[in-house]
1. Taking the alpha carbon gyration tensor of the stretch 39-130, what are the square roots of 5 times its eigenvalues, largest first, to the nearest whole Å?
2. If you rank 78, 132, 172 by how much accessible surface each has, with a 1.4 Å probe, what is the order from largest down?
3. In nm, what is the difference between 0.36 nm times the number of residues separating residue 119 and residue 132 and their Cα-Cα distance?
4. If you roll a 1.4 angstrom probe over the protein chains with everything in place, what fraction of the accessible area of the chain belongs to carbon and sulfur, to the nearest %?
5. Taking a cut-off of 29 Å between Cα atoms, list the lysines near residue 51, but don't count ones fewer than 8 places away on the same chain.
6. Rounded to the nearest 500 deg cm²/dmol, what is the calculated helix-only ellipticity per residue at 222 nm for the chain, with -39500 (n - 2.57) per DSSP H run of length n ≥ 4?
7. As a test of reading the structure, rank 168, 114 by solvent-accessible area (1.4 Å probe, protein chains only), most first.
8. Using C-alpha positions alone, give me the convex hull volume of the stretch 66-117 per residue in cubic angstrom.
Amino acid sequence: MGIKIKSRTLREISSISEMKDISQSLRKQNLTIGFVPTMGCLHAGHLNLVKRSLETCDRTVVSIFINPTQFGSNEDLDTYPRQLESDIEKLETIGADILFHPTKEEMYPPGYKTSVEVQNITEQLCGKSRPDLFDGVSTVVLKLFNIVRPHNAYFGEKDWQQLAVIETLVEDLNLDVAIIRVPIVREADGLAMSSRNRYLSPQERQSALSLSRSLQQARDNIRRGTTSAKAISDSIRQCLSEQEGTEIDYISVCDPESFKEKEQIRGRTLIALAVKVGPSRLIDNCIIEEF
Ligand code: AMP
């Protein structure tokens, strides 16, 4: 990805009221606001979302907030990678306008009581193994939308189910924001970029390649005529299990909107995986278009 160097300086904001004032003032000037919510430790996948916003909106706001409410008690909230200084450098280099990085006390002050729940599409896949995830994501994203008041918000298809949850939230609650889907950005060898890749040892990184490789193999098998979802998930399981240090959370061959499991691969199909590799729980997916 070519990174454009811009001279505008990045404005760093941690106060909700200041961020709201700026958004209000930008809207009064008829300037469009693009928004990229992240948990930081930025990589080329995040920066591609920023680039998309810079291309279409007058001002781009990036948030970095490691949202505690989306982590379960046995998950990696405490060890989630944090590297604010180098994130700021990356955002300055690419030309983002505003970094919003509130503290958790600013976002969830004492006495905080509210949570938002999107139903029916949050119990499968990642929602099954991480029951706190999507209520936490929906709540923080709604809060961030109310604070930043973006015209467009950019999300990666790597978190396919999260995107569906956010699209549903926006539709059901009549929010005035356009959700822009952005394809998965991968390393040259196919590994989907993730902040959690940095936990991987060289051996684990090698094992992690089996996620993208097994998806590619599944795609090839479907192109050659396999239609049984079980045959596809069995071959993915085999490919993942051959690797040292992998523990499969789920392999799903399902409808990309309802997440209902399929028996036959007919119509548009999502193949989604979550696999623990060493200390990192990694996800990846691909879409099989109707054929
Ligand atoms: P995170 O910081 O992991 O919460 O991710 C913030 C945003 O970046 C989400 O919309 C993710 O889907 C997106 N994202 C993360 N990794 C990638 C990737 N490899 N390709 C595209 N989008 C990504």
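The values are calculated or read from the model by the stated rules, or taken from the named source; none is laboratory data. From a predicted model like this one, the values you see are computed outputs, not experimental measurements. To get the accessible areas, we keep the full protein, side chains included, count just its heavy atoms, and leave off ligands, DNA and RNA. Shrake-Rupley method; radii C 1.70, N 1.55, O 1.52, S 1.80 Å.
1. Semi-axes (√(5λ), whole Å): 27, 17, 15.
2. Ranked list, largest accessible area first: 78, 172, 132.
3. Numbers: separation 13, 0.36 × 13 = 4.68 nm, distance 1.28 nm.
Gain in length upon complete extension: 3.4 nm.
4. Carbon-and-sulfur percentage of accessible area, whole number: 46.
5. Excluding near neighbours in sequence, the set is 4, 6, 20, 28, 90, 104, 143, 158.
6. Estimated from H runs of four or more residues: -12000 deg cm²/dmol.
7. Details: 168 40, 114 90 Å².
Largest accessible area first, the residues go 114, 168.
8. Considering the Cα atoms of the stretch 66-117, their hull volume per residue is 126 Å³.
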